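First up is the structure itself, then whatever we jot down about it.
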Amino acid sequence: MQFKSDKIIALLILLPSLVLIGIFVYGFIGQTVYVSLTDWGQGAALAKNPEINLIGFKNYGDLFSGFLNSRFRQDLVNAVFYTLFLVSGALGIGLILAILLDRGPKGESVFRTIFLYPMSLSFIVTGTIWRWLLAPRGGINRLPTMAGLPAIGFRWLNSRQSILNFNWQNLPQITAIVVGMVFFYIAFRQWRSGSKRKGLLSLAPTGILFLWALWGARFTPAILPTPEQHGFNLATIGIIITAIWQYSGYTMALYLAGLRGISEDLREAARLDGANQFQYYLNVAIPILKPMTMSAIIILAHISLKMFALIFAMTGPDNAATSHPAVLMYLTTFRANNFAKGAAIAVVLFVMVAVFIVPYLVSAYRERRV
Amino acid sequence: MLNRKTIILVVISILVVGLLGTSLSVAAASHEDELSGELEIFSWWAGNEGPALQALIDLYEEMHPNVEVINATVTGGSGVNAKAVLKTRMLGGNPPDSFQVHAGQELIGTWVTAERMEDLTSLYKEQGWMDAFPDELIDLISTEEGIWSVPITIHRSNVMWYVPDNLDKWGVEVPSNWDEFLEIAPKLEDKGVTPLALGTNWTVNHLWESVALDVLGPDKWEALWEGELAFDSEEGIAVWEKLDKILEYVNDDYSSLSWQQATDLVVEGDAAFNVMGDWAAGYMSTVLELEPKEEFGWAPSPGTDGVFMLLSDSFGLPKGAPNRENTMAFLKLLGSKEGSDTFNPLKGSISPRLDSDLSKYNVYSQSAAEDFSSDRLVGSLAHGAVANEGFMNSFADVMEIFLNSRNPEKAATAAQAIAKQNGIQ
């Protein structure tokens, strides 16, 4: 009896937030998905009762294979590179800083504050400062002239060069090969852990995917009528540097807390076993820090998908070379009045965030269960 | 006893008369200005343009002291953020009393087709504005169903800026068309001078429309927007080809410069010419404190003499505006000679009225006003007059395709495709 009324009270207390989250988070996600399946944005899009028709997945099809949406595809490629470089850069630099501070240098708390400070700034502030620093005729480019050297000519935010180019028409094959490699890795692990039959079974999709990518793809229609090159735009380097500057202090704090949490006994034990400092960090500390790394990756990855403010402050709305799907979503929705396509871009971003967040939540939930 | 009664009666009657009197005088005062409540004006005028708007608001408050004016400004380059806020407010059923919108398709294509605006034809007739504004301008803000806003500013898009002394020094004349420019450009480069200063992405769109006006001429320019001339026709491709040649002679770091920095290149003698709207005159005379005609000169952009490519800010009356009467009074002030001549000299634009008091304006504006009243008027693309917002947004992408590929046919095809998509062709 007591138990039951407890449950009822708990439910009553939770109910308001459940309802609010239900409406304002999940309801609106549903609304966005619905809008993305319509044609809202044709003609009188801003009328009181605009004419809205369901058109299925046409907006998504347009985004990924329409002649006029090449900017979206480049933005998507940019987003992947932003994520890749922000996560690896901030993790690497954060770890190095944490290890240096872990050695207990003089004035440690001062350094800690200095390194952590950029995180407390908003993206708009950092963006504005770094835009000045990276201006083509000033800031960093003029630094060498102080030592009598020629100025740097690199366009940190405006370069039109790009490297690692690939043809968007080949994207299905590239995806197939990547997924195939994942299956191959799974098969390899199953093989090693002893279940050889399961391993062989997992090898089958690898083979099918590889076969299709290397031979079968030429029989399926191309996703684009003409070849279209996309790659890593060098103009994004300026923005990546800024983002890493802002967030490596944060990973440093995470790692430093982790390093301080490792018991002295372990360090002593490692030292008795003859490990030098380098070996201690590489073989003892870093594996112990794995949960920190995991949560840092999750947080940085989803920040990199919300870089709107930083890019908007540094290069403005129309600098396509550094653009990001979030910027394009804003322009498509509010400048071009194409609400449906804007919603479709939002859903693509949402799915990308979910790819990072959901596995993390699931594993965190499982760990708590156990 | 009786005496006392009479006294009381007298006192009462005095009180009654007195009360009546005061209430009558209140009625008289409020008859003078029956407007009260609030007036919310939505714009993106801040910074340099803030004082001009404030002067207009001061004038309004003087005329209607009981109205509280709320100046709802959302800042950000050419209104991109203001427009986003405005759209969410309109969709949410919370319109401001009046909002800034570029005359032309930015008004018609976005708000009038959505049936969000009230027809102002009767106001135009009542105020005698049909003759006060040029017909081409009224056409820009009208459909067959009505007239939808009141213009307050005029800017010219097709202007080329230079420093007269520098041109003498380098021995070049102001080119009268782009072919002449292409002839003198190599000479300038030999002298180590950038022939044409250019700024960030949208200034390339701005240059495109000036080049197009030279290559096509005003009739075909208008045909383009009426769907009678295709973007991928021979003439349409010729515009991109000309632009391609011109871009050989611009500063190579253009995409990282603001329009002011591009103007600076001309002022500092690093570049010979710059094509920019006439807000550049305000920048050079007010911010850089240069003497018009002496220290900086201007001409219509090459090949567009006799044509005035205009853009205009206007204000309308949205349906469901909370304080309709106050807004009508505001619109009357905007369209009046007094309102227009208060605002424009401070902003550095010219008045859309043909009878403005030119003595209040600076040297550049006087010459622009003269051209405005005599030239052929056409609308600007880069500033919202001739094409709807869908096209304008996608045109930025087309320009990006062109700048990356430098392929005129490809750009023209893409322009035609977005014109189709946005209902122009």
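The values are calculated or read from the model by the stated rules, or taken from the named source; none is laboratory data. Every value quoted in this text rests on a predicted model; they were computed, and no experiment measured them. In this analysis, Cβ positions are derived from the backbone assuming ideal geometry, glycine residues included, and neighbour counts consider all displayed protein chains.
A few notes on this one:
- Count of the stretch A:44-66 residues which are of a type in the set (G, A, S), in a loop (DSSP other than H, G, I, E, B) and surrounded by fewer than 17 Cβ atoms within 10 Å (Cβ to Cβ): 2
- The residues listed here are B:L213, B:L196; of these, the one that is among the hydrophobic types (A, V, I, L, M, F, W, C), touching a Phe, Trp or Tyr at 6+ places or on another chain (Cβ under 9 Å) and more than 30 Å from B:Q425 (Cβ to Cβ) is B:L196.
- Candidate set from the stretch B:392-417 (those that are among the β-branched types (V, I, T) and surrounded by fewer than 22 Cβ atoms within 10 Å (Cβ to Cβ)); member that is farthest from the other protein chains (Cβ to nearest Cβ): B:T413
- Residues located in the stretch B:62-88, provided they are in contact (Cβ under 8 Å) with a residue 24 or more places away in the chain, outside any strand (DSSP E or B) and away from chain A (no Cβ under 14 Å): B:M63, B:H64, B:P65, B:N66
Matching residues to (1) over 25 Å from the mean Cα position of the chain (by Cα); (2) assigned to a helix (DSSP H, G or I); (3) within 13 Å of chain B (Cβ to nearest Cβ):
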residue: A:A10; (1), (2), (3): yes, yes, no
residue: A:F28; (1), (2), (3): no, yes, no
residue: A:L76; (1), (2), (3): no, yes, no
residue: A:L86; (1), (2), (3): no, yes, no
residue: A:L91; (1), (2), (3): no, yes, no
residue: A:P105; (1), (2), (3): yes, no, no
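- Residue, nearest to B:N404 (Cα to Cα), within the stretch B:189-220, restricted to residues that are within 14 Å of another protein chain (Cβ to nearest Cβ), out of contact with any strand residue (DSSP E or B) (no Cβ under 6 Å at 6 or more places or on another chain) and assigned to a loop (DSSP other than H, G, I, E, B): B:T200
- Pairing each residue of the stretch A:120-142 that is more than 14 Å from A:I237 (Cα to Cα) with any residue that is outside any helix (DSSP H, G or I) and acidic (D, E), provided the two are 6+ apart or on different chains, yields C-beta distances under 9 Å for A:R137/B:D253.
- Here A:V347 meets each of (1) in a loop (DSSP other than H, G, I, E, B); (2) at pLDDT 90 or above with one exception, condition (1).
- Within the stretch A:128-151, the set of residues being within 14 Å of another protein chain (Cβ to nearest Cβ) and either outside any loop (DSSP other than H, G, I, E, B) or surrounded by fewer than 16 Cβ atoms within 10 Å (Cβ to Cβ) (or both) comprises A:T128, A:W130, A:R131, A:W132, A:L133, A:R137, A:G138, A:G139, A:I140, A:N141, A:R142, A:A151.
- The sole residue among A:A313, A:A344, A:A320 that is buried (at least 20 other Cβ atoms within 10 Å of the Cβ) and away from chain B (no Cβ under 14 Å) is A:A344.
- Qualifying residue in the stretch B:394-406 (condition: of a type in the set (K, R) and touching a helix residue (DSSP H, G or I) at 6+ places or on another chain (Cβ under 9 Å)): yes
- All positions within the stretch B:141-164 that are touching a Pro at 6+ places or on another chain (Cβ under 8 Å), outside any strand (DSSP E or B) and more than 19 Å from B:D305 (Cα to Cα): B:I141, B:I152, B:T153
- Unique match (being away from chain B (no Cβ under 14 Å) and among the aromatic types (F, W, Y)) among A:F67, A:F154, A:F81: A:F81
- Residue check for A:A336: touching a strand residue (DSSP E or B) at 6+ places or on another chain (Cβ under 7 Å), small (G, A, S), surrounded by 14 or more Cβ atoms within 10 Å (Cβ to Cβ) and within 14 Å of chain B (Cβ to nearest Cβ): no
- Taking helices (runs of 4 or more DSSP H) as the structural unit, those lying wholly within the stretch B:231-316 and holding at least 2 residues that are under 23 Å from B:F181 (Cβ atoms) and within 14 Å of chain A (Cβ to nearest Cβ) correspond to B:259-267.
- Failed condition for B:I138, given (1) of a type outside the set (S, T, N, Q); (2) within 14 Å of chain A (Cβ to nearest Cβ); (3) without any contact (Cβ under 8 Å) to a residue 60 or more places away in the chain: (2)
- Enumeration of residues in the stretch A:30-43 that are in a helix (DSSP H, G or I) and hydrophobic (A, V, I, L, M, F, W, C): A:V33, A:V35
- Residue in the stretch A:196-217 that is within 14 Å of chain B (Cβ to nearest Cβ) and either of a type in the set (D, E, K, R) or under 30 Å from A:L68 (Cα atoms) (or both) present: no
- In the stretch B:96-131, residue surrounded by the fewest Cβ atoms within 10 Å (Cβ to Cβ) [restricted to those that are within 11 Å of chain A (Cβ to nearest Cβ) and in a loop (DSSP other than H, G, I, E, B)]: B:E115
- On the stretch given as the stretch B:132-158, residues that are under 19 Å from B:S374 (Cα atoms) and in contact with a Gly (Cβ under 7 Å, 6 or more places away or on another chain) total 4.
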